[in-house]
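Participant: Here you go, one structure.
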Amino acid sequence: PSPPGEESRSLDSLDSFSNLHSCCPSSSELNSDAEEAVVAGASSEGAAPEPEGDRPAAGSQLLSASKERFPGQSVYHIKWVRWKEENTPVITQNENGPCPLLAIMNVLLLAWKIKLPPMMEIITAEQLMEYLGDYILDAKPKEISEIQRLNYEQNMSDAMAILHKLQTGLDVNVKFTGVRVFEYTPECIVFDLLDIPLYHGWLVDPQVADIVKAVGNCSYNQLVEKIISCKQSDNSELVSEGFVAEQFLNNTATQLTYHGLCELTSAVQEGELCVFFRNNHFSTMTKYKGQLYLLVTDQGFLTEEKVVWESLHNVDGDGNFCDSEFHLRPPSDPETVYRGQQDQIDQDYLMALSLQQEQQNQEINWEQIPEGISDLELAKKLQEEEDRRASQYYQEQEQAAAQVQVQGAASPASGRQSGSNERKRKEPREKEREKEKNSCVLL
């Protein structure tokens, strides 16, 4: 990128973009040098080199060795996943946190517009910039008019001027009226130039009139300035608008609303690869069978080959992990996890059915009670229902006692014991009858 104050490069001079980072070694040199450092470190300790299958230990040593080899450069791990029957690389985020460069590069990698050498394990930010710059030059339209060519050259020059910001962050300012509505900034040219859609889901629900009026067509920065201005106003209506706008920002601190999520699901095309902006974070997003998914780029999932996507179905951010074919895959053994989850679901379902059936058996059918009934008549009906239940209960108890007597007659040795048991049963029944006589109905 051109330093501030210098003239922007023309399209012809940009053809040598790959030479801008000639000081940065190739990916093969990066991997070979780092691997040599790992082997040398192991040999110096008198231990045998780590086997190729032992990825976690070798990976950490590889990353530390690459940082020593390339001090001051951001180094990223590469995760290889099976994407649409092809072995495809995914750039994972490092300790420096997420940046738009990763989201853009992962879109191009999943679309196979940029390809990395097989078995490449780490890559520097400078190498990513080199791949991206070369792709921008290769994607130059061939047959366009003179006006279109000049316009494209200007866009490319502007994009190259801010390309270095992709490593840290872009000045993106959302508007609350549409999922693709942003305040125009030079940074947005990069997405237009690469033909990568940029979305957000921080929308105002049009059915809430007071928030619609308070927010209006403001961008986020403009809305913050409006809130400050309204608080200092002497006009009570403006003060009220400022309070409503501030409450909206506080209540939607996740920068995603359910109205925005619905609009987002409707706007994104099936199978589309795009970038989703939320909380100053840029994520690679796609849509599969009507459901939105975000690419999992956290370095903590580097060894979880089956964890590729995370569903975006609520504003709280607790999505479900899925593999490259969008099958549910928790970050652990799926056999034991899902068997336990399914057993718990079945038990909960049976318990709910049991409680529902018990409640239905105990409740009175209120539809059969005629309208306009007096309180006294309703109390009588409730008492009759209670008496019916008590009578049914006593009959069941007497039948059970009769069965015990029959068994006692068949077994004389147990007669005294049966008689005492029957007295014990009768005593609670007498207490229950006394309780029923003294009970009252509360309306």
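Participant: Of all residues being among the β-branched types (Val, Ile, Thr) and under 34 Å from the mean Cα position of the chain (by Cα) in region 137-179, which is modelled with the lowest pLDDT? Just the residue, please.
Facilitator: Taking the candidates together, the pick is 168.
Participant: Consider residue 266 against the criteria (1) surrounded by 14 or more Cβ atoms within 10 Å (Cβ to Cβ); (2) without any contact (Cβ under 8 Å) to a residue 40 or more places away in the chain: it satisfies all of them except one. Which criterion is unmet?
Facilitator: Unmet condition: (1).
Condition check ((1) in contact with a Lys or Arg (Cβ under 9 Å, 6 or more places away or on another chain); (2) assigned to a helix (DSSP H, G or I); (3) open to solvent by 40 Å² or more (accessible area, probe 1.4 Å)) across all residues:
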| residue | (1), (2), (3) |
| --- | --- |
| 127 | no, yes, no |
| 132 | no, yes, no |
| 155 | no, yes, yes |
| 170 | no, no, no |
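Participant: When residues of region 190-221 are filtered for being under 26 Å from the mean Cα position of the chain (by Cα), among the acidic types (Asp, Glu) and within 11 Å of residue 248 (Cβ to Cβ), how many remain?
Facilitator: Looking only at that region, the number is 1.
Participant: Residues of region 218-259 being out of contact with any Asp or Glu (no Cβ under 9 Å at 6 or more places or on another chain), small (Gly, Ala, Ser) and part of a helix (DSSP H, G or I), which ones?
Facilitator: 229, 236, 242, 245
Participant: In region 106-124, which residues are in contact with a Phe, Trp or Tyr (Cβ under 7 Å, 6 or more places away or on another chain) and not basic (Lys, Arg)? Show your work before the answer.
Facilitator: Narrowing region 106-124 to residues in contact with a Phe, Trp or Tyr (Cβ under 7 Å, 6 or more places away or on another chain): 108, 110, 113-114, 122-124.
Those that are in contact with a Phe, Trp or Tyr (Cβ under 7 Å, 6 or more places away or on another chain) and not basic (Lys, Arg): 108, 110, 114, 122, 123, 124.
Participant: Among the residues of region 290-310 satisfying the criterion of being without any contact (Cβ under 8 Å) to a residue 40 or more places away in the chain and within 19 Å of residue 82 (Cβ to Cβ), which is most open to solvent (accessible area, probe 1.4 Å)? Walk me through how you get there before you give the answer.
Facilitator: Step one: filter region 290-310 for residues without any contact (Cβ under 8 Å) to a residue 40 or more places away in the chain, giving 290-294, 296, 300, 304, 306-307, 309-310.
Restricting the remaining residues to those that are within 19 Å of residue 82 (Cβ to Cβ) gives 293-294, 296, 304, 306-307, 309-310.
Details: 293: 25, 294: 33, 296: 13, 304: 56, 306: 122, 307: 1, 309: 0, 310: 48 Å².
Here the answer is 306.
Participant: Test residue 333 against the criterion of being surrounded by 10 or more Cβ atoms within 10 Å (Cβ to Cβ) and at pLDDT below 80, and give yes or no.
Facilitator: No; evaluated as a whole, the condition is false for this residue.
Participant: Please work out if residue 270 is over 29 Å from residue 290 (Cα atoms) and out of contact with any Pro (no Cβ under 9 Å at 6 or more places or on another chain). Talk me through it step by step, then tell me what you get.
Facilitator: On the way: over 29 Å from residue 290 (Cα atoms): no; out of contact with any Pro (no Cβ under 9 Å at 6 or more places or on another chain): yes.
Taking the combined requirement at face value, the residue does not satisfy it.
Participant: Now a separate question. Does residue 227 qualify as being modelled with pLDDT of 90 or more and either aliphatic (A, V, I, L, M) or surrounded by 14 or more Cβ atoms within 10 Å (Cβ to Cβ) (or both)? Step through it out loud before you land on a result.
Facilitator: Numbers: modelled with pLDDT of 90 or more: yes; either aliphatic (A, V, I, L, M) or surrounded by 14 or more Cβ atoms within 10 Å (Cβ to Cβ) (or both): yes.
Judged against the criteria, residue 227 is a match.
Participant: A follow-up question, please. Report, by residue number, each residue of region 197-217 that is open to solvent by less than 60 Å² (accessible area, probe 1.4 Å) and assigned to a loop (DSSP other than H, G, I, E, B).
Facilitator: 197, 200, 202, 203, 204, 205, 208, 216
Participant: Follow-up question, since we're still on this one. Could you say which residue among 252, 286, 303 is touching a strand residue (DSSP E or B) at 6+ places or on another chain (Cβ under 8 Å) and among the polar types (S, T, N, Q)?
Facilitator: 286
Participant: Do you know which residues across region 152-173 are in contact with an Asp or Glu (Cβ under 9 Å, 6 or more places away or on another chain), closer than 15 Å to residue 139 by Cα and among the hydrophobic types (A, V, I, L, M, F, W, C)?
Facilitator: Selection gives 159 alone.
Participant: Here is a follow-up. Anything in region 181-196 that is assigned to a loop (DSSP other than H, G, I, E, B), surrounded by fewer than 20 Cβ atoms within 10 Å (Cβ to Cβ) and touching a helix residue (DSSP H, G or I) at 6+ places or on another chain (Cβ under 7 Å)? List them, or say none.
Facilitator: Answer for region 181-196, where residues must be assigned to a loop (DSSP other than H, G, I, E, B), surrounded by fewer than 20 Cβ atoms within 10 Å (Cβ to Cβ) and touching a helix residue (DSSP H, G or I) at 6+ places or on another chain (Cβ under 7 Å): 186, 196.
Participant: Against the condition more than 13 Å from the chain's Cα centre (by Cα), over 26 Å from residue 114 (Cβ atoms) and open to solvent by 30 Å² or more (accessible area, probe 1.4 Å), how does residue 250 come out, does it pass?
Facilitator: Considered against the rule, which asks whether it is more than 13 Å from the chain's Cα centre (by Cα), over 26 Å from residue 114 (Cβ atoms) and open to solvent by 30 Å² or more (accessible area, probe 1.4 Å), residue 250 comes out as yes.
Participant: Any residue at all in region 79-88 that is crowded, with 20+ Cβ neighbours inside 10 Å and among the basic types (Lys, Arg)?
Facilitator: yes
The values are calculated or read from the model by the stated rules, or taken from the named source; none is laboratory data. This is a predicted model, so every value here is computed, not measured. Positions of Cβ are backbone-derived with ideal geometry, glycine not excepted, and every protein chain shown enters the neighbour counts. Heads up: the accessible areas ignore ligands, DNA and RNA and are worked out on the full protein's heavy atoms, side chains in. Shrake-Rupley method; radii C 1.70, N 1.55, O 1.52, S 1.80 Å.
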